[in-house]
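For reference, the structure is listed below as structure tokens.
Where a number appears in this text, it was derived from the coordinates with a stated rule and is not lab data. Note that the structure is a prediction, hence the values are computed from the model and not measured. Cβ coordinates were reconstructed from backbone atoms using ideal geometry, including for glycine residues, and neighbour counts include every protein chain displayed.
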Amino acid sequence: MIRIFLLIILFLYTLNGDMLDDANSAYKNKEYLKAIPLYKKLARDGSKEANFKLGVIYYSGKGVKRDLNRAVRYFQNAANKADTKSKYNLAVIYGLKQYVNHDNRESFNRFLELAKNKDPKAQYRVGMALLYGIGVDKDYKDAVRWFEQSYFIGGYKPAGCSLSLMYVMGHGVLVNLGRAAKLAKDGMRYNLPLCKKVYKEFNLHKYKEDKGFKFGFYK
């Protein structure tokens, strides 16, 4: 009896694996109407990936009308299974004004949770919230701290552009145009708009790069 039960479980596991492959193939080929019912079946069976993909589909309106409520439901299902990408997307959605349960504070708290777990994109988002006072009081020094962790540890280049702006404006740090130039030039290699804007608008080409610019604490 136990052997038969195990064989049934193995069969269902293999069947779901094949179904997920078919769903992912349809999704990749932009055959969303074919992928959706497959993902929904898998999602009901508890598939983390299927729930995530359905969240993406309803968030982006791929083959269906955009529905943030459904996107949240599917992302939450995946997040309950420790899916980091879904947790990040939930934080993004709570920050959208068009979402019926829009809540900047909730968005910030969700990003902060991920940031504390060393997610560089979330660390950048926390820094931006602190810089502009979105869902939290402005705190330039704390913003710099999160940008530094995102950039120097996580290697997330947009955070370097924000740091460049901080060094130009003297927000949370002393003005240092050499450091601002070094950071901006790094981001310009990746064609990042903010880095290009800061470099151009503040004429950072006039300033020598700060060759000693590094944070030993982060190395």
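For the reader, a short list of remarks on this structure follows.
- ³J(HN,Hα), Karplus 6.51/-1.76/1.60, whole Hz, each residue of the range 61-72, x for Gly, Pro: x, 7, x, 9, 6, 4, 9, 5, 5, 5, 4, 4
- The chain: most fluctuating residue of GLY154, GLY55, GLY127 per GNM, C-alpha cutoff 10 Å: GLY154
- Of the residues GLY127, VAL198, TYR99, the one whose Cα sits farthest towards the positive end of the charge dipole of the range 97-217 is VAL198 (charges of +1 on Lys and Arg Cβ, -1 on Asp and Glu Cβ, taken about the Cα centre).
- Among [x] 0.97; [y] 1.12; [z] 1.05, the entry that matches Rg/Rh (Cα atoms, Kirkwood Rh) as calculated here: [y]
- In order through the range 77-92: 3J(HN,Hα) via Karplus (6.51 cos²θ - 1.76 cosθ + 1.60), integer Hz, x for Gly, Pro: 4, 5, 4, 5, 9, 6, 7, 5, 4, 5, 4, 5, 5, 5, 4, 4
- Between amide H atoms placed 1.01 Å from N, distances below 5 Å from TYR156 occur with TYR151, all of them 5 or more places distant or on a separate chain.
- Expected 222 nm ellipticity per residue - DSSP helices of 4 or more, -39500 (n - 2.57), all of the chain, to 500: -21000 deg cm²/dmol
- One decimal place: the segment ASP18-ASP139 gains 38.6 nm when fully extended, by the rule 0.36 nm per residue minus the C-alpha distance.
- Cβ charges +1 (Lys, Arg) and -1 (Asp, Glu), total dipole of the chain, debye: 460
- Exposed loop positions in the chain were taken to be chymotrypsin sites (Phe, Trp or Tyr not before Pro) whose DSSP state is not H, G, I, E or B and which have at most 13 other beta-carbon atoms within 10 angstrom. Between these positions, the longest stretch is 1-189.
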